[in-house]
Amino acid sequence: MGFKVVEVQATPNPDAMKFVLDRPVADSPRSYFSPAAASSDPLAVRLFAIEGVASLLFLSDFVTVNKTPNARWPAMTPRIRQALAEA
């Protein structure tokens with residue numbers, strides 16, 4: 001069963017967005033700084049498949065996605081929402 005994104009919050013870092021979910025995604029913090037580091041986490045693999053995703057933080061009921069400098073949130077956000085819904 002996938003996750004519903006309840007809210008998308010900007011962060012002080014313009015290259016990071018916080019996706020607040022309808023339930024916990026992680027009991028303890030998990031960070032991934034590359035697709036290789038995320039290879040054992042199916043949700044992280046799905047998110048890294050989105051062009052522009054640079055790193056991920058899973059904590060409690062949110063996922064923080066960091067993007068590459070040239071990527072654009074308007075193109076990425078719907079794909080991130082979809083990946084979370086299909087998880």
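The values are calculated or read from the model by the stated rules, or taken from the named source; none is laboratory data. Keep in mind that this is a model prediction, so the values were computed, not measured. Heads up, the Cβs are rebuilt from the backbone with ideal geometry, glycines too, and the neighbour counts pull from every protein chain shown. Side chains are part of the model used for accessible areas, which takes the heavy atoms of the whole protein and leaves out ligands, DNA and RNA. Shrake-Rupley method; radii C 1.70, N 1.55, O 1.52, S 1.80 Å.
Observations
- Per-residue ³J(HN,Hα) for segment 60-68, Karplus 6.51 cos²θ - 1.76 cosθ + 1.60, θ = phi - 60°, Hz, x for Gly and Pro: 6, 9, 8, 10, 9, 10, 9, 10, 6
- Nonlocal amide H pairs with F3, under 5 Å, H built at 1.01 Å: A85, E86, A87
- Probe 1.4 Å, all protein chains present, accessible-area order of K18, K67, largest first: K18, K67
- Sorting 45-51, 70-76 by their mean Cβ neighbour count within 10 Å, with the most densely packed peptide first, gives 45-51, 70-76.
- Between D41 and K18, the modelled label-to-label distance comes to 1.7 nm, taking each label 7 Å out from Cα in the direction of the beta carbon.
- Under 5 Å, built H, 5+ apart or other chain: amide partners of D61: V25
- Around the amide H of D41, modelled in the peptide plane, lies no amide H under 5 Å away from a residue 5 or more places distant or on another chain.
- Computed across the chain, the Kirkwood hydrodynamic radius from all distinct Cα-Cα pairs reaches 12.7 Å.
- HN-Hα J in Hz across segment 17-29 - Karplus 6.51, -1.76, 1.60, θ = phi - 60°, x for Gly and Pro: 10, 9, 9, 7, 10, 7, 7, x, 9, 8, 7, 9, x
- Peptides 54-66, 22-34 ranked from most to least packed by the mean count of surrounding Cβ atoms within 10 Å: 54-66, 22-34.
- Residue-by-residue Karplus 3J(HN,Hα) for segment 33-48, coefficients 6.51, -1.76, 1.60, Hz, glycine and proline x: 10, 7, x, 5, 5, 9, 4, 9, 10, x, 5, 5, 4, 4, 5, 5
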